[in-house]
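All remarks here apply to the structure that follows.
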Amino acid sequence: MKNRYIESFERTQIGEKKAPQFKAGDTLKLGIQIKEGEKTRIQNFEGLCIAIRGNGVDRTFTVRKMGANNIGVEKTFPLYSASLDSIQVLRIGRVRRAKLYYLRDRKGKAARIRELRK
């Protein structure tokens, strides 16, 4: 049970921000605002969501992608971050776990996730 002042503060922090429904196993394309000096630009980060944790303002999710030379790159983002410009769900994965940390040890075809058919 949260304090009502904390709840009202969290509601103002979230504001009008809308986030799509996604879960671990989904492939996401994130638009991240990057500030370089006076200029800002949007850089895309596309990868597999391997974990979601927290609730409300504290909700974070971890996205993993394979970088150059097959090096895994993981980034953890707050869901309601100001630097997160857009979240797009590209593929819905069929998984049986909430945390997909076992994918860190897998490479190539062993790291594939089946796609949910509609």
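Rule-based calculations on the coordinates, nothing more; no lab input. Because the structure is predicted, anything quoted here is derived from the model rather than measured. Every residue, glycine as well, gets a Cβ built from its backbone with ideal geometry; the counts of neighbours run over all protein chains shown.
Scanning the range 92-105 for residues that are touching a Lys or Arg at 6+ places or on another chain (Cβ under 9 Å) and part of a loop (DSSP other than H, G, I, E, B) gives Ile92, Arg94, Val95, Ala98, Lys99, Leu100.
Going by the conditions given, is Ser86 free of Cβ contacts under 8 Å to residues at least 12 places away in the same chain, under 16 Å from the mean Cα position of the chain (by Cα) and surrounded by 12 or more Cβ atoms within 10 Å (Cβ to Cβ)? No; evaluated as a whole, the condition is false for this residue.
For the range 95-111, the criterion of being surrounded by 13 or more Cβ atoms within 10 Å (Cβ to Cβ) and among the acidic types (Asp, Glu) is met by no residue. With respect to the conditions (1) free of Cβ contacts under 8 Å to residues at least 12 places away in the same chain; (2) surrounded by 10 or more Cβ atoms within 10 Å (Cβ to Cβ); (3) not hydroxyl-bearing (Ser, Thr, Tyr), Glu16 lacks only one, and its number is (2). Of all residues assigned to the range 21-39, at least one qualifies as being surrounded by 10 or more Cβ atoms within 10 Å (Cβ to Cβ), within 16 Å of the chain's Cα centre (by Cα) and of a type in the set (Val, Ile, Thr). If you check Arg94 against the conditions, is it over 17 Å from Asp26 (Cβ atoms) and in contact (Cβ under 8 Å) with a residue 12 or more places away in the chain? For Arg94, the condition - over 17 Å from Asp26 (Cβ atoms) and in contact (Cβ under 8 Å) with a residue 12 or more places away in the chain - is not met. The single condition among (1) touching a residue at least 24 places away in the same chain (Cβ under 8 Å); (2) in contact with an Asp or Glu (Cβ under 9 Å, 6 or more places away or on another chain); (3) not hydroxyl-bearing (Ser, Thr, Tyr) that Leu100 does not satisfy is (2).
Within the range 16-52, the set of residues being more than 14 Å from Leu90 (Cα to Cα) and among the hydroxyl-bearing types (Ser, Thr, Tyr) comprises just one member, Thr40.
Scanning the range 43-66 for residues that are in contact (Cβ under 8 Å) with a residue 24 or more places away in the chain and charged (D, E, K, R) turns up Glu46, Arg64. Residues that are in a strand (DSSP E or B) and either at positive phi or in contact (Cβ under 8 Å) with a residue 40 or more places away in the chain (or both) within the range 67-83 comprise just one, Phe77.
Based on what the data block shows, is Arg41 more than 28 Å from Arg117 (Cα to Cα) and assigned to a strand (DSSP E or B)? In short, yes.
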